[in-house]
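The values are calculated or read from the model by the stated rules, or taken from the named source; none is laboratory data. It should be emphasised that the depicted structure is a prediction, and the values quoted were computed from it without experimental measurement. No Cβ is skipped: glycine too gets one built from the backbone with ideal geometry, and neighbour counts run over all protein chains shown. Just the protein is used for accessible areas: all its heavy atoms, side chains included, with ligands, DNA and RNA removed. Shrake-Rupley method; radii C 1.70, N 1.55, O 1.52, S 1.80 Å.
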Amino acid sequence: MTIITVNAPKGRLGLEQRRELAETLTDAVLVFEVGQPVPAARVGFQVHFVERELDMMAIGGRLLSDAGEELDVMVIDIAVMDAAWQPDVRGQVIERVLAALAESCGLEKPSPTWWVNFRVIDEGSWGSSGGVLSVLPILESGVFTEERAKAVRAALGA
């Protein structure tokens, strides 16, 4: 299970950009999480777009509405289930997310004012369908490659 939340100034991302990002941001995490681009795993990914008025975001201690220049501020929060998320894997996911945003926004490279938070939610701290979820039963679903499932089990001591 993965939730990606894109916080951006109101109107920064148009409908077509959000359509594209819904797919590309999912893809940016999916292969690293399960080890392969399997369609059955996509249902476990949500992308949320949150638009904020310019007077509801600040950078450098100034509201964007008062900044007097067009600042391209975005915060992307990635929340993933506890698994084998070594720092190099997290780094690759963050780079892929930023690259997907830049491409969708027609930029050569990501803005230095786009920030990504990568959060791992502890085993037993996800809930859905009236109860607590665990990554362990999901490992048997067939969406994870055997190599990735083995790494997840090792990371969780299972």
What are the residue pairs meeting all of these: first residue in the stretch 51-62, first residue closer than 21 Å to Leu15 by Cβ and touching a residue at least 24 places away in the same chain (Cβ under 8 Å), second residue among the acidic types (Asp, Glu) and surrounded by fewer than 12 Cβ atoms within 10 Å (Cβ to Cβ), Cβ atoms under 9 Å, and 6 or more apart or on different chains? Leu54/Asp66
Please enumerate the residues belonging to the stretch 79-88 that are without any contact (Cβ under 8 Å) to a residue 40 or more places away in the chain and either touching a Ser or Thr at 6+ places or on another chain (Cβ under 6 Å) or assigned to a loop (DSSP other than H, G, I, E, B) (or both). Gln86
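To keep it simple, each residue is scored yes or no on (1) open to solvent by less than 40 Å² (accessible area, probe 1.4 Å); (2) of a type in the set (Gly, Ala, Ser); (3) at positive phi.
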| site | (1), (2), (3) |
| --- | --- |
| Gln92 | no, no, no |
| Leu98 | yes, no, no |
| Gly106 | no, yes, yes |
| Asp122 | no, no, no |
| Leu133 | no, no, no |
| Leu136 | no, no, no |
| Glu147 | no, no, no |
| Lys150 | no, no, no |
For Ile76, which of the numbered conditions (1) farther than 15 Å from Ala28 by Cβ; (2) modelled with pLDDT of 90 or more fails to hold? (1)
Given the criterion at pLDDT below 95, open to solvent by 10 Å² or more (accessible area, probe 1.4 Å), among the acidic types (Asp, Glu) and more than 28 Å from Gly124 (Cβ to Cβ), identify the matching residue among Glu51, Glu69. Glu69
For Glu23, all conditions in the list (1) over 18 Å from Arg148 (Cα atoms); (2) touching a residue at least 60 places away in the same chain (Cβ under 8 Å) hold save one; what is the number of the exception? (2)
For strands (runs of 3 or more DSSP E) lying entirely in the stretch 89-158, having 2 or more residues that are in contact (Cβ under 8 Å) with a residue 24 or more places away in the chain picks out 114-121, 126-128
Looking at the stretch 76-83, can you tell me whether even one residue there is surrounded by fewer than 16 Cβ atoms within 10 Å (Cβ to Cβ) and over 14 Å from the mean Cα position of the chain (by Cα)? no
